[in-house]
Each structure stands twice: as structure tokens, then as C-alpha cells.
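Working notes, structure below.
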Amino acid sequence: AWSATRDNDLPTAAMVLWQRLSRRARLAWWLGALCVGHGLAHEWPAAYEAGASDMCSAALRKYVLCTAVSGLFSICHNPGLFESSMPLQLALGCADDPKTCVEKCVLDASRLTNESVDEPCSSDYQAMHGFSAPLNIFTIGQYDFQSNATKAKLLPLPNIKNFGGPAFLSYGDPAHCAEIPTAQYCVLSGFIAALRSKFVMGNCVPSVCTESELSSFVGSLGRLAGALNVNVQCDFVRPVGKATGTSAFTQSFLGWGGVPVEFTNKAEFTRGAAISLAVCLLLGLLVCLGTVAELRREARRHRREHSMSIVSDAPAPGGPFWPGSTEPSAPLRQHCVPEPRPPGLLEGFVNHWSLVRNGRSLMRLRPKDQSDFACMDAVRVFSMSQVILGHMFVYALSSAGYSNIEQFSPPYGMLSNFWFQIVPGCYYGVDSFFVLSGFLCAAGLQNKVFNRRENRRPVGFSLTYVKFALMRWLRLVPAEMFCIMFVVNLLPFLGSGVLWNLQDPRGGHCYEDAGAGECSTLWWTNLLFIQDLDKYMNRCMLHTWYLANDFQLYLTAPFFALAYSLSKRAGWAVLTVAFIVGVIIPIWQTSHYNWVPETLLGGGAGFNKHFYMKPWCRAPAFLIGMAAGWAWPSLERFKGRPRTLFGEVVGVLLSLVGMALCALATFGRASFFQCDFRECVDPDSNPVPRALQYLWAGFGIVSWCLGLITIILLCSLRRFLPLIQDVMNLSMWQPLAKLSYSAYLIHTSVLIMDFCQRSSPVVFSPNAFFFSFVSFVVLSLLAAFFLYLL
């Protein structure tokens, strides 16, 4: 660099020096970006001038050269360095008189940077670099076909990895950056094609430059900007007030002071947001009116009861307690207390929104003698917790990311760990819901619908079927539509922070992972429960594919029930055929699409789209539940604790069989991860033989569902393992089970509100993972409680 300076080749000198500094200093992305592209030495003089005002250009130049100026100041004003280094004296031409080395160094350094190095860069600009994300550079060789030679290419060093490849993600220190009066916090994001990875880099830059000027500056770098697909975004954080007192002194000395800051919310208040807010206010008004009306009615009832007690306790005229009377008492007369008027139409309507009424409904418990299937409430709560646990792992990966995702990588990471299979095994939670739905649907249809002869006739069946489908639709739709409205129009205003407001290259935001997607235009697919079709899949409220599956399977249940009511043999035959088809289809798909039948390993090959979210692959779970519902009347005669040793042994053995089947489905998947991840996703190199993969595709879900229904039936018959059975039959599960549907709808918003407001990627540790899981379950149930009250 010094040789080039003496030859007046300043661009070459600058490039050499900057490349050296980029490896040793924490440079902001401006300097880092300039160090990456080809022909940097020739593009720099014009680049920093393009698209920017004079003030911005001067500030950017000072900002970019700040580290170089401070470094050269440190070198040139260190006489001892020149006195001990003869090569440096020769390079500066001061070997004859070392005392002039400082002067010559300052002169050459000024020529090199075109800036004065008589003093270091100002403290505020140094603080900007200190609070920017550190940029580490590494070099790769890239073959250039035009020159028939290999050229060096400098790239940002990725600092995190995910299943899609490496990535560079560092937000710097946005809060401290906002405390610098002359600075603003901006984010540079883009995609590194050479590494097939994205990068997000937070930087503290001069505030005199607008976002458009910074974008123009980056865009003026030509091939560099095009190769990285860069995008500049600012206005994420701002100070609240100015530094005073000690903070002002600190600011004058260090360039930044201790002032509070606030992270902004950049969501636009749209018409949809206004309508959604109006709907919420209307619901709030109805809740208030209903609650007040209920409380007034309660007060009138209490006054009447109090008046009744006064009349009942008063001595009757001429009675034994009447003063001076010896005659027997007359019958009490209570007609003096008026009867309360029945609620009118308006009062009856608003009463449905009463917190008192809905709160009592939530906490109302069934008596033990009316709770044959009390354990199902515990299963609902457990299944909901499974769903949250499984989504907790996946949603963190798709939003904030894991900084240490290698902790999961097979064959030595957590995914190959036997006990960690509880997490990917949580995807069976939805199959548990299918089993419960099938059981209750079959039992209800047989006991309340097809026990009447008229409902088995064509006209009666048609009317009953329409009513059946309509009631199911009305039960599911209101809460789902409210959650869609909330996620699309209101959730964006409930968060803040860099990741929350950062726009990705597709134009989306992190908070849309809660399910918003394309709901603003495709909400009607959820209204019709067709969001599991290939055309609409993953486009609106991704996790509600289960509701579409459930509704579609519900529509088939009356036909099975009708066949069973006409002829039990015919019903069992039709159910068996459907079950066999539901087992064969996954096996055929696994062979046809050549995927590994596991959610994490086969997702990239279409397993989730064509298998995991399709009703015909989930049908066996629903049909197992229906079969149990039909079998229950025959099993009910065994209800009660066994009176013989043989009965006790049979109950324990069946309990162990049920638990073993669930354990096999959960922990058996560990065999798929005993390999390198790239080998695991290949069905031919996966350690599980192909024949066993086919069996897993067909019977993995079946194993879980058979084990679960065995546990439920034994628990309902009071023949399961005593201690576990007593816990599952506790009344405390009833209120929580009523919240399971609302919790299923809202839990993704709870997850995203945490992950998308983090200032850094998630760091996995078993303890933190567990405590986060508990907090997510509690918060999801709390959010579901408020949704239930509406």
C-alpha cells in the first residue's frame, strides 16, 4: 500500500489497505460491501457520490474512512514504531532522518485517504462502528471463464446455519446506536448467491443520509449490489428525549449517552385494521353490556331472595310468636314479593356475551357419575401441549432462527437422541384430535340421530345431514375467522423491534409466520375448509389444515354411521375397507414420490404437502376413533375395577400394550436420524430399510392411534393403571379442555410474538427450551381464555 502511495496509485493503495483492515477491524457494511465486489478501486470514487446529497456524501466518506483514519493516526503518531523498524523507515523514505518519519507518515496517509490524520475519527463515528454488526470476511476462489483464471472473492463469513444452508445474521446494537445524536440504525439485507445464503446486517450510519440516499449509494455499486440483492431499511429505533446530566457528559466523551430508546412499529394502519379494531370495540361493548345486564339481573334476584327470607322469618299475625296472641299461626304469604320479569329479546342477546355467564360456563364441571369419558379432557390438553411443543421448534427455525442449530444435527445432535423424539413426535397431537373426533362423532350419531328410524330414510337423512354439517361449520368458523382477522390486521401492531419490522426480499414480515400469509385475499378458503387443497395450501393460516381435514372427515361420518345403523356388518365392512385404503395410500405415496416418511426429513420432498396435510392419510386416525365409538356399548359392561386377579392382570397388560404402541410411534422415529442429515433425507441411504419405511408410512400413525384409544377405553372403563388413571380423570382438565380449540387457533400468534421480537437468533439449550415451552402453553391458554369469553 505504501509503495502504491509513492507511485500515486491511490485506488490500488486504498484497496490493499481496506482488504487488510477488513480482516482485522469491525467494519460496517459500507466498507465490507466495498471490499467484496470486483473493480472496487475504480468504482469507489463515483460510488460514494452517486444518489446522495453533499452532506450525505461527506458523512458517508467520513464514516467509511473512519476506521482507516483512526488506524493510521495510531500508526503515524507512534514514533517508537518507526525507530524500531528499518523497513518502515525505508518505505517512508525517512531512513536518513527518523525524526521526520511521523511527518512523512502523516503526509502519505493523508494522500492515501484524502483526509487529515492529524487527529482520530470523531467519537460519534467511532461509536457508530462499535455498535454496528461486526463483519468477518473470508475469501473463496472463483473461476472466471472470460479471463481463464481463478480470482479471489471476498464474502461475509456466515455465523449461523439452518436446514436451508448457512446465513449471516447480526443486528449489532440498535439501542445504543439510537443514543448517538448523529446516527441512525439501518439494516442491510440480501442474498449471497455464491453461498446460497441470506444475510441480515444491522449498522449504525450517519443520520444525515436518508433511507433512499443509502439505497442509492448501495445501488450505485453496480455488480456488487446486483450480486447480493441488497436492500436498505431504516427507522427501527429512536431515542426518547435527549441526554442530560451525566449522560450528556458521557455523550460528549464517548459519542453516545444513556438515554432511553423505543423501537418503532412500521405497520401501516389499513382499512382492514380499522374495521378489525371497530369489530373488537363492538365485541367489547357487547361484553360490557352483557356483563352489566347479567349483574343487574343477579342483583334483582338476590334482593328477591333477601325479601323472601324476611317474609319467611317474620311472625304471622295471631301466630304463636305474635305479641298477646295464643292462637296458632296462619300460613305464610309470599305473594308480596314480585316475580322477576323474563329477559327481553335485546337483553337475552347481550346476555350471551356476559363475562359472568361465559365464565361460569367455562368453570362448570360435570359430575363424576356423568363423566364416563373424563380422561378425554386430559387427552385434549395433552394433545394441545404436543402441538405447541412441536410448533415451538419449527416456528423458531422459520423466524428468528437458531444460532446453534448444529445441536440438532444428526447423527450426534438432539434429533438422533432417543428422548428428544418427544419433540418431533408431538406431530401426533393432531392425530389424537382425529381419534377423539371420530369417537365422539360415532357415539353421538348412534345415540342421538340414527336411533330414530325416520333419520335412516332418504328424506330424514338428507335433512339430518345438512343440519349436522351446518352445526359443525358454525362451531368452527366464528373463532377461526376472528383469529384470521386478528392475525392479518391487528397482530402487526402488537410487536416491535428490528426483526418484527424487517421486510424480507419477498416483501413479507416475520409476524406473517403466525398465519397471515395471503389471508387478506384467500380467507374464504378457510371459510369453506378447502385450505388443504394443493392450490391453497400454506397460503392462509398454515396450521389450520387440520380444521379442513377434520371438517372433511366429519362430512363422511354420517354415511358410515348410516351403514352401521342399517346393518352392523355392513358398517364394519365399509369402515374396514376405508381403513385399509387409508393405510395403503401412504405406502403407495412413499414409494411413488420416493421420500422418507418423516416430517422433518421428507418435508423438502413434498411429504408434508402430499401426506401430512391430506385427509386420506389422516383418515385411519378418525376411523379408529369411530370404531371405538361403535364398540363402546359392548365394552361398557366391563366398566369398574376388576374383581379378580386375572382381570387385574389383563388390565395392566392392556395398559402396557397401549403405552408401548404410543412409545413405538414416538421413539421409533429415532432410527431415521442415525446418519448425516444429507444421508437421512435420501430414502436409499437412510439407515432404516426401505421396507420398514413403507411400514412406517402406513402404520406409524396407526400405532399411535391404537395405543391412544386403548388408553382412553381402559381409562373410561376404570381399568387403566390406577395412579395415572386418577390423574387423567381429575376435574381440573375440564376447563382447560374447553380452551383447546381456541388455544390451537391462537398459539402461533403467541409463538411469533416472542420469536419475531428477539434481538438475536434463538440459542438452544434443554433448560431454556423447557421453560419456554411451559410459558408458551400458559400464555396460549390465557389468550384462549379471552377468546372463549367472547
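The amide H of Gly401, built 1.01 Å from its N in the peptide plane, has Val762 as neighbours under 5 Å, considering only residues 5 or more places off or on other chains. 3J(HN,Hα) couplings calculated from phi for the range 429-438 with the Karplus curve 6.51 cos²θ - 1.76 cosθ + 1.60 (θ = phi - 60°) are, in sequence order, x, 5, 5, 4, 4, 4, 4, 4, 4, x Hz; Gly and Pro show x.
In the context of the full protein assembly, Tyr593 retains an accessible surface of approximately 90 Å², using a probe radius of 1.4 Å and ignoring ligands and nucleic acids.
Give the cross-link partners of Lys639 among the aspartates and glutamates, using a straight C-alpha distance below 12 Å as the criterion and excluding same-chain residues fewer than 8 apart. Correct list for Lys639: Asp372.
Comparing Ile275, Cys680, Phe482 along the charge dipole axis of the chain, the residue lying farthest to the positive side is Phe482, per the Cβ-charge model.
Put simply, the amide H of Asn136, placed in the peptide plane, has neighbours under 5 Å in Leu157, leaving out anything fewer than 5 places away on its chain.
In this structure, Tyr465 and Ala631 have a Cβ-Cβ separation that, at R0 = 35 Å, corresponds to a calculated FRET efficiency of about 0.90.
Dipole size in debye (nearest 20) for the range 615-771 around its Cα centre, Lys and Arg Cβ +1, Asp and Glu Cβ -1? Please list the in-between numbers first.
Details: 12 positive and 8 negative charges, 128 e Å.
For this selection, approximately 620 debye.
Of all lysines in the structure, those lying under 18 Å Cα to Cα from Lys609, and not within fewer than 8 positions of it along the same chain, are Lys535.
Label separation (Leu295 vs Thr244): 4.1 nm, computed from points 7 Å beyond Cα along the C-beta direction.
Peptides 563-575, 438-450 ranked from most to least packed, by the mean per-residue count of other Cβ atoms within 10 Å: 438-450, 563-575.
Measuring with a 1.4 Å probe in the full set of protein chains, what accessible area per residue, in whole Å², belongs to the chain?
Working: 38350 Å² over 790 residues.
Spelled out: the 1.4 Å probe surface of the chain, per residue, equals 49 Å².
With every protein chain left in place and a probe of 1.4 Å, what is the accessible surface of Asp684, to the nearest 10 Å²? Counting only protein heavy atoms, the figure is 120 Å².
If R0 is 41 Å, what FRET efficiency do you get for Ala175 and Ala152 from their C-beta distance, rounded to 0.05? Kindly include the intermediate steps, with their values, before the conclusion.
Numbers: r = 37 Å, r/R0 = 0.90.
Calculated transfer efficiency: 0.65.
Taking amide H as placed 1.01 Å from N in the peptide plane, the amide H of Phe168 sits under 5 Å from that of Asn159, Lys198, Phe199, Val200, each at least 5 places away or on another chain. Quote the FRET efficiency, to the nearest 0.05, computed for Lys266 versus Trp572 with a Förster distance R0 of 60 Å and r equal to the Cβ-Cβ distance. After rounding, the FRET efficiency stands at 0.50.
Converting phi to 3J(HN,Hα) with the Karplus coefficients 6.51, -1.76 and 1.60 and the offset θ = phi - 60°, the range 474-486 yields 5, 6, 8, 5, x, 5, 5, 5, 5, 5, 4, 4, 5 Hz in sequence order, with x at every glycine or proline.
Where does each of 355-366, 397-408 land if you order them by average Cβ count within 10 Å, highest first?
So the peptides 355-366, 397-408, ranked by packing, come out 397-408, 355-366.
This model, with +1 at the C-beta of Lys and Arg and -1 at the C-beta of Asp and Glu, gives the chain a dipole about its Cα centre of some 3920 debye. Placing pseudo-labels 7 Å out from each Cα toward the beta carbon at Trp524 and Asn136 gives an inter-label distance of 5.3 nm. Extension gain for Cys288 to Gln370 (0.36 nm times residue separation, less C-alpha to C-alpha distance): 26.1 nm. What the phi angles of the range 499-515 give under the Karplus curve with 6.51, -1.76 and 1.60, with θ = phi - 60°, is a coupling list of 5, 4, 9, 5, 8, 7, x, 7, x, x, 10, 4, 5, 5, 5, 5, x Hz, glycine and proline written as x.
Could you sort Val106, Val649, Val459 by accessible area so the largest value comes first, with the probe set to 1.4 Å? Present the calculation step by step, with values, prior to reporting the outcome.
Values: Val106 20, Val649 70, Val459 105 Å².
Descending order: Val459, Val649, Val106.
The simple spin-label model puts a point 7 Å past each Cα toward its Cβ; for Val477 and Glu679 those points are separated by 5.3 nm. Cys288 sits with roughly 80 Å² accessible to a 1.4 Å probe, with DNA, RNA and ligands left out of the calculation.
The values are calculated or read from the model by the stated rules, or taken from the named source; none is laboratory data. What you are looking at is a predicted structure, and each value in this text was computed from that prediction instead of being measured. Quick reminder, even Gly has a Cβ in these numbers, built from the backbone with ideal geometry, and neighbours come from all protein chains shown. Protein only, heavy atoms only, side chains kept; ligands, DNA and RNA dropped before computing areas. Shrake-Rupley method; radii C 1.70, N 1.55, O 1.52, S 1.80 Å.
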